[in-house]
Amino acid sequence: MKRVAKNLLLIGAIYFTYKVALFGIIFYINNSSYQYFDDFKMEENYGNDMSSTQVIVLGCSNSRYNFDYKLLNQKPNVCSVHSVSTKATYGLYITLKKFINSKWNQKENIVIVDLPYSLYSRDQFVLPTKETLVHLSADDYWKVAKSFPRTFFSYTSQISLFNPIISDYFKGAIKNAVSGKGSDATYADLSLKVNSNPSFKPDYINSSAPYNSKMHFIRDVDTNTGYLEDIKSYIANNIKCKVYFSLPAINKDNNSLSNSTINTISSVLKPINNFKNTQFSNEYVYDQWYHLNKRGAEINTQNLLKALSGLRISQLPNFETVVQNEN
Amino acid sequence: MIFNSLAFAVFFPIVTLFYFVLPFRFRWIWLLSASVFFYMFFKPIYILILGITIVIDYYAGIYIEKAQGKKNKKLLLACSLVANIGVLVFFKYFNFLNANITSLGDLLGFKNNLPYLTILLPVGLSFHTFQAMSYTIEVYRGHQPAEKQFGYYSLYVMYYPQLVAGPIERPQNVLHQFHQKHHFDTNRFMSGLKVMLWGLFKKVVVADTLAAIVNDYYYNVYTTHTNSALTIFFFSIQIYCDFSGYTDIAIGASRIMGIELMKNFKYPYFSHTITEFWHRWHISLSTWFRDYLYIPLGGNKTKFHYIRNILIVFLVSGIWHGASWTFVVWGLIHGLLSIAERLLGVSKSKSVLMGVSTFIIVSLTWVFFRADNFHVAAQMFHNLTYRYFSDVKHHSGQILLVLLFLGIEYFTYKKGKELIFYLLNRKVVRYAAYLMVIEAILFVFNQTTSQQFIYFQF
């Protein structure tokens, strides 16, 4: 029995040391100037900042593509509506963290968390991507462990030498180190995209061809609803704005979510919209099962306006007027 | 509860720990309770079905042994077999039979008013039914004394490592082991743990990784333009790793407690003929059919008997696997191929060409096994004519994984060892191998959705 315990402890200790070493190297690289990152430009500001109430639709590319911000900003003196987003590969944790550290995180503002597709896909909350590798500090890692214990183990197991992202990450860091090229931008600069205007993509505007559904399929087994309470609690503790949740628009032919899963998500997050309104057929979908084309975005925007007016938000006393006038 | 789950990761150490801590006289109670809990984790109500068949077979065994005259023994055996097969047919084949009666009715002009059942198939029904049947048959034959203690007999049927997907054990092999006092043995513990580790690797890293690709292809079989060869190859590896991985976990978990289960796989994909394949694949089932169906029917007494009995065995084996005509066809093809090999005198061939052909043929027959119906199977074969192999580059990582795995298996097979770990003489290398396997399991476990064991549906 002693020999067994000794062997098992030895293996456990070696494994633990390996993981600590791996994370240590990553955190060291993050803190040094040898980060490997993508260049991420700020986009044109859409809403005007003159109105006192800023409404932020927070998400990833879905919040950029899936709403018509011209329509949302028709009455600038009522409120200014912005899309504030990160890349989907950042995962929800980094998205929220960046928002919390941004100028938008103010008491007067309203946030609509238009949860990115990561809501329906397993373990997308803290993604083992190169973006999270770069942006996740040791402090973040422990915060994730404390605030989101359910995803902590999953993320830890994904940081592995078997993960091709890790080898890419190390290659990039070595390349930067050898070339002497340090990063001038801190992660705070590699930050939020504000009100990107998808009009530069002609397919988006003119898309009328049916969307060719890809093989990705959102299924119940891929959906992890375990961390929803953690998200709510994290948001409540860190975001100063009034926060509402909105279920993201998705292609209805690409998912087989059960009523029970949808009900669980809805009962915990209490979104301002209902799941049915988020289901779009192929003709309204652009290039991903969570991107709408222009026509889809117009419908989605009308749905958002109706949902917001239904909330009767006190900071937006004339919002209902906006909706009625538009209709 | 499935083996590749956090629930089992908690369940197993607790059960094993208390198994050794408790006094010997309480161990069977603990193991039986754990097995009941394990089974009820799936769907509690089905424990009643298992309970009823256990009671029937327990008393059948006792009365068969006591009975005077072969006629009485036969009658009691028949009652036991009818009860077991009746339960199996009702839960597993009722809807299938009903659908066929409806089709027949449409053809002949009568209406079938029987309703369809909307109940779930009890997990592992085919496995524990066959295991229970082997007990009463062996008691009838006089090869096994009837178990007088109800608890031990229940444990024989419900023993959790092999309850839901085998190996289908024989009472001569397992029952007496429950009566023996097993002390904690370090070597046995480490050996069992290594077998479990390798089983988990096969299941989680190889099988589940390939399952995602195979499922995707089958889902899109009508719309894809990519050749199906890679998917067919992947499924062959997936089903082997899934099933043998499960069996390894069962064998390893049992070995730790001192109970040796029979080997169920002996590197079947290195077989040279279909006949040899069936001596290496799902050995517990093929020997069950040999001993309780093939030989009683007359075996290979004459050429006629051989052909007839092989066909019957493979047809029954096909239907055992699933309530669908695709499984029957799958079984039939294997039966016909076995017969052809025997008649052509190649059933004992050892040529490499035969080995490669056997693997290809087996892989192609798995299409019937995997496809939901003949239309899908036909489409899969049709897709073999497509010229695009775009998925080869896209899945190069998985191809490498499979080739690496097959390389390890072949090396282990040639050296005659149970596991690759036993071939790594240096401690450092061995520990590095353990760590890599553990890391791979944890990495993939959290990446892929946990796929259910394929053979669970049987």
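Would you be able to say whether some residue in the range B:285-308 is aliphatic (A, V, I, L, M), open to solvent by 40 Å² or more (accessible area, probe 1.4 Å), touching a Leu at 6+ places or on another chain (Cβ under 7 Å) and assigned to a helix (DSSP H, G or I)? No. Looking at the structure I just gave you, is B:Ala83 surrounded by fewer than 16 Cβ atoms within 10 Å (Cβ to Cβ), over 29 Å from B:Ile256 (Cα atoms) and not polar (S, T, N, Q)? Answer is no for this residue.
Counting only helices (runs of 4 or more DSSP H) that fall entirely inside the range B:21-99 and contain at least 1 residues that are of a type in the set (Val, Ile, Thr), within 27 Å of the chain's Cα centre (by Cα) and farther than 21 Å from B:Met1 by Cα, the qualifying elements are B:47-66, B:70-88.
Looking across the range A:150-180 at every residue that is in a loop (DSSP other than H, G, I, E, B) and open to solvent by less than 80 Å² (accessible area, probe 1.4 Å), the one that is nearest to the other protein chains (Cβ to nearest Cβ) is identified as A:Ser160.
Any residue in the range A:254-264 that is of a type in the set (Val, Ile, Thr), open to solvent by 30 Å² or more (accessible area, probe 1.4 Å) and in contact with a Ser or Thr (Cβ under 8 Å, 6 or more places away or on another chain)? Looking for residues that are of a type in the set (Val, Ile, Thr), open to solvent by 30 Å² or more (accessible area, probe 1.4 Å) and in contact with a Ser or Thr (Cβ under 8 Å, 6 or more places away or on another chain), one finds at least one in the range A:254-264, hence yes.
Checking the conditions here, which among A:Ser33, A:Ser51, A:Ser85, A:Ser102 is modelled with pLDDT under 75 and under 21 Å from A:Cys241 (Cα atoms)?
On the way: A:Ser33 fails: under 21 Å from A:Cys241 (Cα atoms); A:Ser85 fails: modelled with pLDDT under 75; A:Ser102 fails: modelled with pLDDT under 75.
The unique qualifying residue is A:Ser51.
When the range B:127-170 is filtered for residues that are over 13 Å from the mean Cα position of the chain (by Cα), part of a loop (DSSP other than H, G, I, E, B) and of a type outside the set (A, V, I, L, M, F, W, C), the ones remaining, listed by number, are B:Gly142, B:His143, B:Gln144, B:Pro145, B:Glu147, B:Lys148, B:Gln149, B:Tyr159, B:Arg170. Within the range B:368-402, being more than 14 Å from every other protein chain (Cβ to nearest Cβ) and small (Gly, Ala, Ser) holds for B:Ala371, B:Ala377, B:Ala378. Could you list, in sequence order, the residues of the range B:171-220 that are away from chain A (no Cβ under 12 Å), touching a residue at least 24 places away in the same chain (Cβ under 8 Å), surrounded by fewer than 18 Cβ atoms within 10 Å (Cβ to Cβ) and assigned to a helix (DSSP H, G or I)? Answer for the range B:171-220, where residues must be away from chain A (no Cβ under 12 Å), touching a residue at least 24 places away in the same chain (Cβ under 8 Å), surrounded by fewer than 18 Cβ atoms within 10 Å (Cβ to Cβ) and assigned to a helix (DSSP H, G or I): B:Gln172, B:Asn173, B:Gln177, B:His179.
The values are calculated or read from the model by the stated rules, or taken from the named source; none is laboratory data. Note that this is a predicted model, so its numbers are computed, not measured. With ideal geometry, Cβ positions are generated from the backbone for all residues, glycine too; neighbour counts draw on all protein chains shown. Side chains included, ligands, DNA and RNA excluded: accessible areas come from the protein's heavy atoms. Shrake-Rupley method; radii C 1.70, N 1.55, O 1.52, S 1.80 Å.
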